[in-house]
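Chemist: Structure below; questions to follow.
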Amino acid sequence: MPQMNMVQALNLALRQEMARDPDVLLLGEDVGRDGGVFRISEGLQEEFGVARVIDTPLAESGIVGAALGMSLYGLRPVAEIQFMGFIYAAFDQLCSHAARMRSRSRGRFTCPLVVRTPYGAGIKAPELHEESTEALFCHMPGIKVVIPSGPYSAKGLLTAAIRDPDPVIFLEPTRLYRLIREEVPAEEYTVPLGKAKCAREGGDVTVIAWGSMVERTLKATEGYRVDLLDLQTISPFDEEAILTSARKTGRVVIVQEAAETCGFGAELAATIAARAILHLRAPILRVAGFDVTMPLPKLEDYYIPSVERIRKALDEVLKY
Amino acid sequence: MPEEIIGSCAVKRLNILDPQGNADENLLPPLNGQDIRRLYELLVLSRTFDGRALALQREGRLGTYPSILGQEAAQVGSAFALEKSDWVFPSFREMGMHITLGYPMHLLYQYWAGDERGLATPTGLNILPICVAVGTHIPHAVGAAMAASYRGDRNAVVCYFGDGATSKGDFHEGLNMAGVFRAPVVFICQNNQWAISVPFDRQTAAPSLAQKAWGYGFEGIQVDGNDIFAVYRATRTALEKARNGGGPTFIECHTYRIADHTTADDASRYRPPEEVADWREKDPILRLRRFMTQRHLWDEAYERHVQEEATAAVDEAVHRAESAPKPAATEIFDYTNAELSPRQQRQRKEVG
């Protein structure tokens with residue numbers, strides 16, 4: 001089985017889906033001739049032509065809005081927003097329209113649309129290039145939010161997202177794009193949406209992470225006996241997997257890169273408290289980004305949850 | 001180096017039928033007597049639908065409703081030029097378009113009474129649900145038009161919006177993309193002079209909206225929006241152009257919102273009654289009737305017949321809308337996603 005990084009895995013997923021289904025097309029800023037600023041769509045315009053890999057004007061709302069219109073017509077567009085910090089301009093399109101069109105039309109019109117965007121900290125980039133505000137989109141029924149944590153899940157999840165009948169926001173952790181290489185099947189496969197993956201099985205503590213934090217949490221939990229759950233999809237999230245593990249271990253640590261307050265970890269903690277509280281032997285702890293503006297590169301390492309902070313939380317719940 | 005003129009923009013306006021009912025013979029579109037009568041009947045039906053909606057709202061039988069009074073020609077005239085297979089992206093004040101394309105009136109009443117089922121477009125029509133958010137549907141129309149081109153379909157896409165929408169960012173992003181990709185889309189702006197209480201000259205410093213198209217690299221035209229022949233002719237021309245690969249067109253229908261913004265508004269707070277009275281003189285139905293009288297297409301007996309038919313159709317639609325069984329409570333879940341999550345399934349059980 002070939003070894004790939006996440007960039008190669010995502011590129012292969014796009015190539016295979018475009019080859020399989022002529023309704024799949026790509027659009028966004030610099031996705032064509034330039035292959036995307038992270039090269040995710042490298043070579044695809046040459047292979048599939050300018051009508052299917054479309055370099056658009058610089059207009060995030062226009063890109064998502066046009067992709068949405070294409071999906072209403074019956075295509076399966078994959079739109080790219082160059083960085084998550086620029087998706088806010090398209091927030092209205094996602095929340096006021098993509099999320100609601102199926103409901104608004106009582107199922108007559110649907111939006112099988114994927115919006116891919118690189119997200120997350122740790123790449124020493126300018127302001128608004130390192131956002132991790134995924135929770136914003138989890139508050140919008142109708143939209144799915146999918147976040148891979150490595151090359152294998154990236155390929156399978158993106159394939160599943162493209163085939164999904166509803167709009168999917170697909171967040172790609174930039175820090176991991178080229179950090180991890182692993183075996184990735186050359187042939188097509190899907191990783192089901194809405195299902196967590198057990199990245200490490202232990203039994204003393206349930207540790208929940210997603211996207212960029214999975215790699216760091218794997219490091220931090222070395223030497224500990226933990227169930228590490230990689231959520232993979234945060235909306236809808238795999239409640240049963242979380243509750244099963246929490247009821248078994250009685251101890252839960254949630255690791256999220258996003259700012260602590262109203263982050264997705266809060267939803268997880270509330271769910272566990274509501275449905276597994278009698279099994280708990282310690283408070284549910286969150287290791288999260290601080291409630292501050294995402295710092296520029298000089299200070300960003302103080303912001304991102306570190307191995308030390310994760311271990312401190314593990315020790316705290318273990319000795320409780 | 002001297003300064004030089006590198007471009008200039010001429011703004012076209014099309015008028016065919018004046019308020020007295022006199023038409024420019026050279027510009028009259030190829031419509032026979034039967035077509036013209038059909039247009040008249042659709043105008044009357046739209047106005048009857050609208051008047052009933054206002055009455056129902058006052059009786060508490062309909063929710064907040066935006067009247068189309070005075071704008072019927074812009075809606076009926078443009079929709080009359082469409083094929084059933086064309087795709088339409090409406091805003092919220094185009095019920096005359098819906099009626100012209102055969103969208104069931106009882107569904108419109110159901111929707112404005114707060115029942116989502118009213119927006120389930122029947123199979124065979126490609127009218128998107130009413131878009132309440134101003135102007136944000138413009139990029140959707142552009143994307144759908146790009147999709148039609150990609151598939152090689154000869155469908156055109158029409159997008160309706162008002163003067164207020166032209167101030168929005170999505171208007172700019174949508175029209176810009178339409179120009180860049182030569183998308184087969186026709187933008188129909190009903191410039192009714194008022195966005196709730198904000199008049200046209202507070203929406204833009206430009207003397208017309210039509211000229212904005214020039215900045216996006218395609219043709220814009222202003223038409224007398226109360227002149228059904230001008231609206232029809234401009235739309236037909238734009239649709240033919242779109243189908244033949246000629247790209248987008250922007251049509252500004254210069255018209256007037258005779259009624260309040262919605263039933264929740266009181267326009268007497270912000271605009272002079274003389275202005276409304278002036279525009280009543282330019283009424284789109286009155287002028288078509290004058291034209292038809294000249295051509296012996298209209299008489300009192302015909303008028304009685306048209307009014308009776310319209311009233312009967314509206315009575316029937318109201319009856320159907322009001323006798324529709326109440327939707328099940330669980331229906332609030334059923335169209336959120338193709339498949340409900342386990343949590344949504346649990347919540348669904350809670351309501352029934």
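Chemist: Would you grab the residues whose amide H sits under 5 Å from the one on A:Asp30? Only those 5+ places off in sequence or on another chain, please, with H modelled 1.01 Å from N.
Modeler: A:Thr56
Chemist: Would you work out the charge dipole size for chain B about its Cα centre, treating the Cβ of every Lys and Arg as +1 and the Cβ of every Asp and Glu as -1, and quote it to the nearest 20 debye?
Modeler: 740
Chemist: For region B:12-351, what percent of Cα pairs sit more than 27 Å apart?
Modeler: 46
Chemist: Could I ask something else about it? List the DSSP H helices in chain B whose Cα atoms stretch 27 Å or more along the helix axis and whose mean Kyte-Doolittle hydropathy is at least -1.0.
Modeler: Span-like helices, by this rule, are B:33-58, B:300-322.
Chemist: For A:Val37 and B:Ala264, what is the calculated FRET efficiency with R₀ set at 35 Å and r taken between the beta-carbons, to the nearest 0.05?
Modeler: Efficiency, rounded to the nearest 0.05: 0.15.
Chemist: Then there's this: Place a label point 7 angstrom from the Cα of A:Lys195 along the Cα-to-Cβ direction, then list the residues of region B:333-352 whose backbone nitrogen is under 18 Å away.
Modeler: Taking a point 7 Å out along Cα→Cβ of A:Lys195, the residues of region B:333-352 whose backbone N falls under 18 Å are B:339-343.
Chemist: Under a cut-off of 26 Å between alpha-carbon atoms, report the lysines in cross-link reach of B:Lys326, not counting same-chain residues fewer than 8 places apart.
Modeler: Candidates past the 8-residue exclusion: B:Lys349.
Chemist: In Å and on Cα atoms, what radius of gyration and Dmax does region B:220-352 show?
Modeler: According to the Cα coordinates of region B:220-352, Rg and Dmax are 23.5, 68 Å.
Chemist: Along the Cα-to-C-beta direction of B:Leu27, a point sits 7 Å from the Cα; which residues of region B:224-266 have their amide N less than 18 Å from that point?
Modeler: So the set is B:224-239, B:250-256.
Chemist: Only Lys, Arg, Asp and Glu count, each charged at its Cβ (+1, +1, -1, -1), so figure out the dipole size of chain A about its Cα centre, rounded to 20 debye.
Modeler: Roughly 880 debye for chain A.
Chemist: What does the structure give for B:119-129 when I average, per residue, the other chain Cβ atoms found within 10 Å of the residue Cβ?
Modeler: 4
Chemist: Let me ask you something else. Leaving out same-chain residues fewer than 8 places away, which lysines sit with a Cα under 23 Å from that of B:Lys12?
Modeler: Counting by Cα, and skipping residues close in sequence, B:Lys12 has these lysines nearby: B:Lys212, B:Lys241, B:Lys282.
Chemist: Next question. Taking the Cβ of each residue in B:Asp201, B:Asp334, B:Asp224, A:Asp164 as the centre, tally the other Cβ atoms inside 10 Å and list the residues starting with the fewest.
Modeler: The most exposed by this proxy come first: B:Asp201, B:Asp334, A:Asp164, B:Asp224.
Chemist: Provide Rg over Rh for the protein assembly as shown; use the alpha carbon set for both Rg and the Kirkwood Rh (inverse mean inverse pair distance).
Modeler: 1.04
Chemist: About the Cα centre, and with charges only on the beta carbon of Lys, Arg (+1) and Asp, Glu (-1), how big is the dipole of the protein assembly as shown? Nearest 20 debye, please.
Modeler: 1400
Chemist: Using 1/(1 + (r/R0)^6) with R0 = 45 angstrom and r between the beta carbons of B:Asp35 and A:Glu46, what's the FRET efficiency to the nearest 0.05?
Modeler: 0.30
Chemist: Right, next: Count the DSSP beta bridges whose two residues both fall in chain A, then state the antiparallel fraction as a percent rounded to the nearest 5.
Modeler: Roughly 20 percent of the DSSP beta bridges within chain A come out antiparallel.
Chemist: Could you work out how far apart the two model spin labels at B:Thr311 and B:Asn244 are, taking each label as a point 7 Å from the Cα in the direction of the beta carbon, and quote it in nm?
Modeler: For B:Thr311 paired with B:Asn244, the spin-label model returns 4.6 nm.
Chemist: A follow-up question, please. Quick one, can you get me the convex hull of the C-alpha atoms of region A:197-319 expressed as volume per residue in Å³?
Modeler: Spelled out: Cα convex hull of region A:197-319, divided by residues, is 96 Å³.
Chemist: Among B:Phe161, B:Phe181, B:Ala133, which residue has its Cα positioned farthest towards the positive end of the charge dipole of region B:12-351, with +1 placed on the Cβ of Lys and Arg, -1 on the Cβ of Asp and Glu, and the dipole taken about the Cα centre?
Modeler: Sorting the options by dipole projection puts first B:Phe181.
Chemist: Hey, another quick one. Under 19 Å Cα to Cα from A:Lys195, which lysines show up? Leave out anything in the same chain fewer than 8 places away.
Modeler: Counting by Cα, and skipping residues close in sequence, A:Lys195 has these lysines nearby: A:Lys144, A:Lys155, A:Lys248.
Chemist: Please give the average number of partner chain Cβ atoms lying within 10 Å of the Cβ of each residue in B:134-142, rounded to a whole number.
Modeler: Going residue by residue through B:134-142 and averaging, the value is 6.
Chemist: Count the DSSP beta bridges whose two residues both fall in the protein assembly as shown, then state the antiparallel fraction as a percent rounded to the nearest 5.
Modeler: Close to 15 percent.
Chemist: Enter the angle in degrees (range 0 to 90, nearest 10) between the Cα long axis of helix A:264-276 and the first principal axis of the Cα atoms of chain A, meaning the one along which they spread out most.
Modeler: Approximately 50 degrees, to the nearest ten.
All of the numbers you see were taken from the coordinates with simple rules; none came from a lab. Computed from a predicted model, the values in this text were never measured in an experiment. Ideal geometry is used to build each Cβ from the backbone, glycine not excepted, and the neighbour counts take in all protein chains shown.
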